[in-house]
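Below you'll find the structure, written out as structure tokens, and then a few comments.
The values are calculated or read from the model by the stated rules, or taken from the named source; none is laboratory data. What you see is a predicted model; the values in this text were computed from it and never measured. Cβ sites come from the backbone with ideal geometry, for glycine too, and all protein chains shown count toward neighbours.
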Amino acid sequence: MMFKLKIFCFLLSSIISYSQIENLQNFDKQTVHFGYYLGSNQYNFKLDYKENPSKRILINQQIGLNVGLIGDLRLKKNLNLRFEPGLYTNKSNIVFYERSKFTQNSDTLRSIKSTYIHLPLLLKYSANRYKNIRPYITGGISTSFNLSSDQNKPEDNSNGFFRTKTNNVYYEMGLGIDIYFQNFKFSPSLRGLFSLKNELVPDEDPNSPWTGNIKKMSTRGVFLNFSFH
């Protein structure tokens, strides 16, 4: 406990000492600058049903990884346009609790493996800088291409996978804070993602136990990114 307290006090004192002198004073005056980010993601799916089921489908969320690049264009003093292409990986397990239509237990579990090329175009609005910190909010639109999608497979979900569409469109909103060090800017951020399209690829059988009662399937996601400029 004392060791953790000492570490916390050390980090706090380091931040305070950094805040006494403004680092990278001309950094935000650049018209264009670049960076990169690393982070994690958690994807979930919102399901709309044709008829209210007696037992709803459960989606087990897992933590995935993000990595990408940042291109930043300064529009005004507090407003920037950002393009953040990245590679996002994730896996979700779908459990079907309504089992009356299934012949074996293994059919009640399906997985969605995702490897996204994610392409967001965002506006970033920053507050005025205070010493070495500057909070901001972001919002915009994005599209993604799932390299692991099973959309074009001729088989239906009875063959052991759950089909979703390859391409999707989203809107995103988030917040973060820029922290200025002597040689670089560090920016942790938290962002929400919301699908604008129906991602479900239904089976040809209208009574399919996997997709027959699903009207719409849309992504909800949370990203935690750590950016370096």
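Can you work out which of the residues in region 64-77 that are among the hydrophobic types (A, V, I, L, M, F, W, C) and in contact with an Asp or Glu (Cβ under 8 Å, 6 or more places away or on another chain) is surrounded by the fewest Cβ atoms within 10 Å (Cβ to Cβ)?
LEU69
Could you please let me know if LYS131 is at pLDDT below 95 and at positive phi?
Answer is yes for this residue.
For every residue, the table says whether it meets (1) outside any loop (DSSP other than H, G, I, E, B); (2) modelled with pLDDT of 80 or more; (3) among the basic types (Lys, Arg); (4) under 30 Å from ASP28 (Cα atoms).
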site	(1), (2), (3), (4)
PRO154	no, no, no, no
PHE161	no, no, no, no
ASP178	yes, yes, no, yes
PHE186	yes, yes, no, yes
ARG191	yes, yes, yes, yes
ASN198	no, yes, no, no
PRO202	no, yes, no, no
SER218	yes, yes, no, no
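Give region 113-157 a look and list any residue that's among the hydrophobic types (A, V, I, L, M, F, W, C) and under 24 Å from PRO188 (Cβ atoms), or say none.
Those that are among the hydrophobic types (A, V, I, L, M, F, W, C) and under 24 Å from PRO188 (Cβ atoms): ILE117, LEU119, LEU121, LEU122, LEU123, ALA127, ILE133, ILE137, ILE141.
Within 16 Å of THR211 (Cβ to Cβ), in a strand (DSSP E or B), touching a residue at least 12 places away in the same chain (Cβ under 8 Å) and out of contact with any helix residue (DSSP H, G or I) (no Cβ under 7 Å at 6 or more places or on another chain): which single residue out of ILE137, ILE117, ILE141, ILE59 fits that description?
Result: ILE59 is the single residue among ILE137, ILE117, ILE141, ILE59 that is within 16 Å of THR211 (Cβ to Cβ), in a strand (DSSP E or B), touching a residue at least 12 places away in the same chain (Cβ under 8 Å) and out of contact with any helix residue (DSSP H, G or I) (no Cβ under 7 Å at 6 or more places or on another chain).
Considering only residues that are modelled with pLDDT of 95 or more and loosely packed, with under 15 Cβ neighbours inside 10 Å, which ones fall in region 140-152?
ILE141
Keeping to region 78-98, report how many residues are part of a loop (DSSP other than H, G, I, E, B), surrounded by fewer than 16 Cβ atoms within 10 Å (Cβ to Cβ), in contact (Cβ under 8 Å) with a residue 40 or more places away in the chain and not aromatic (Phe, Trp, Tyr).
Number of matching residues: 2.
Which condition number does ASN26 fail, the rest of (1) touching an Asp or Glu at 6+ places or on another chain (Cβ under 8 Å); (2) without any contact (Cβ under 8 Å) to a residue 40 or more places away in the chain being met?
Against the list (1) touching an Asp or Glu at 6+ places or on another chain (Cβ under 8 Å); (2) without any contact (Cβ under 8 Å) to a residue 40 or more places away in the chain, ASN26 comes up short only on (1).
Limited to region 112-155, what total is found for residues that are under 21 Å from THR219 (Cα atoms) and either in contact with a Lys or Arg (Cβ under 6 Å, 6 or more places away or on another chain) or among the aromatic types (Phe, Trp, Tyr) (or both)?
8
Considering each residue of region 161-198, count those that are buried (at least 17 other Cβ atoms within 10 Å of the Cβ), within 16 Å of the chain's Cα centre (by Cα) and of a type outside the set (Ser, Thr, Tyr), and give that number.
6
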